[in-house]
Amino acid sequence: LRACREVSRADGSIGQLLGYHYLWAWAVRFFGTEEEIARQEEHYTRNTCFYGGAINPRDAGVTAVDRGETLVLNGRKSFASGSMVSDLTCLLAGLADGRPVFLVVDSKSAGLTYNEDWDNMGQRLTESGSVTITDLEVPWSAAIGYSGKRLRPMVYNSLSLLTLQLIMTNLYQGIAEGALEAAAEYTRTSTRPWPFGGDDKESATDEWYILESYGDFRSRLWATESLIDAVNRELSELLHAPRGAVTPEQR
């Protein structure tokens with residue numbers, strides 16, 4: 001979380017890609033069995049895999065059809081942040097009985113079509129455009145957290161959403177800190193003092209309204225930084241606790 005914030009001071013897009021990579025690399029711990037954790041972490045470590053994801057639960061259009069030993073996926077996700085430039089993509093689909101299926105697939109799978117329609121101001125490099133999924137057939141072993149086609153939920157699963165939100169919070173904090181640094185450099189080197197105020201200053205950095213504005217910005221960022229650091233530590237303790245020990249009250 002701190003690394004994402006620091007990177008985001010210089011480039012919010014790269015900070016977001018890094019944060020999502022950390023999130024989806026941890027997904028097997030959010031949802032998987034102990035065997036899946038061991039297998040996935042060995043795979044992505046040995047092969048230095050980079051993660052992307054198309055998870056947004058507001059996109060309910062991806063279906064998973066049980067074909068016995070495999071699942072066949074079809075549908076579309078509006079956002080697939082990082083997937084086009086990743087090695088592994090996390091997908092969320094729904095079975096016919098309403099159960100969600102969280103899967104990790106090869107980002108270069110033939111059934112994935114990246115539509116290259118990301119054309120936003122701001123986070124331009126996150127490659128968050130849509131993905132179309134067409135007859136993507138994957139083994140049941142790609143469905144994280146299922147044992148004998150049964151899902152065994154626990155409170156720890158729901159920390160995934162909180163972690164995503166905290167990644168975004170650190171991202172925004174980093175962007176704000178970087179923006180303040182850039183603005184301050186511009187003010188120091190380019191802004192001229194106002195000459196008709198009756199209390200003329202030699203430098204713009206002596207103007208009371210500029211000092212007040214920067215003081216307000218800086219104090220607010222110190223306050224949010226302090227709060228975010230405290231929440232980072234609290235979430236970290238839960239993420240690294242035994243998964244079965246996390247209670248609804250802690251969540």
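Quick notes on this one:
- Protein accessible area in the chain, 1.4 Å probe - carbon and sulfur %: 55
- Separation between Cα centres of segment 150-202 and segment 26-93, rounded to whole Å: 30
- Report note on the peptides 221-228, 183-190: ranked by the mean count of other C-beta atoms within 10 Å, highest first, their order is 221-228, 183-190.
- With all protein chains kept in place, the per residue accessible area of segment 148-237 amounts to 66 square angstrom at a probe of 1.4 angstrom.
- For the peptides 99-112, 3-16, residues were scored by their other Cβ atoms within 10 Å and the scores averaged per peptide; the highest-first order is 3-16, 99-112.
- About its Cα centre, the chain has a charge dipole of approximately 820 debye under the convention of +1 per Lys or Arg Cβ and -1 per Asp or Glu Cβ, with nothing else charged.
- Relative to the current alpha-carbon distance between residue 47 and residue 2, full extension at 0.36 nm per residue lengthens the span by 13.7 nm.
- When all protein chains stay in place and ligands, DNA and RNA are ignored, the 1.4 Å accessible-area order of 131, 85, largest first, is 85, 131.
- Computed Kirkwood radius, in angstrom, where 1/r is averaged over Cα pairs of segment 114-221: 19.6
- In terms of packing, defined here as the mean over residues of other Cβ atoms within 10 angstrom, the peptides 201-209, 43-51 line up highest first as 43-51, 201-209.
- Here, segment 45-162 is characterised by an Rg to Rh ratio of 0.96, where Rg is the alpha-carbon radius of gyration and Rh the Kirkwood radius.
- Site pair residue 184 and residue 211 shows an inter-label distance of 1.6 nm when each label is modelled 7 Å from Cα along Cα→Cβ.
- Debye-sum result for the chain in log10 I(q)/I(0), which assumes one identical scatterer on each alpha carbon, at q = 0.07, 0.12, 0.14 Å⁻¹: -0.32, -0.77, -0.97
- Subtracting the Cα-Cα distance of residue 224 and residue 110 from 0.36 nm times their residue separation leaves 36.6 nm of extension gain.
- With Cα atoms as the point set, segment 45-98 shows a radius of gyration and Dmax of 12.7, 36 Å.
- With Cα atoms, 0 to 90° folded angle of helix 34-46 axis to the chain main axis: 60
- Modelled this way, with points 7 Å down the Cα-to-C-beta line, the labels at residue 232 and residue 63 are 4.5 nm from one another.
The values are calculated or read from the model by the stated rules, or taken from the named source; none is laboratory data. In this text the structure is predicted, and so the values were computed from the model without any measurement. Virtual Cβ from ideal backbone geometry, glycine too; neighbours counted across all protein chains shown. Side chains included, ligands, DNA and RNA excluded: accessible areas come from the protein's heavy atoms. Shrake-Rupley method; radii C 1.70, N 1.55, O 1.52, S 1.80 Å.
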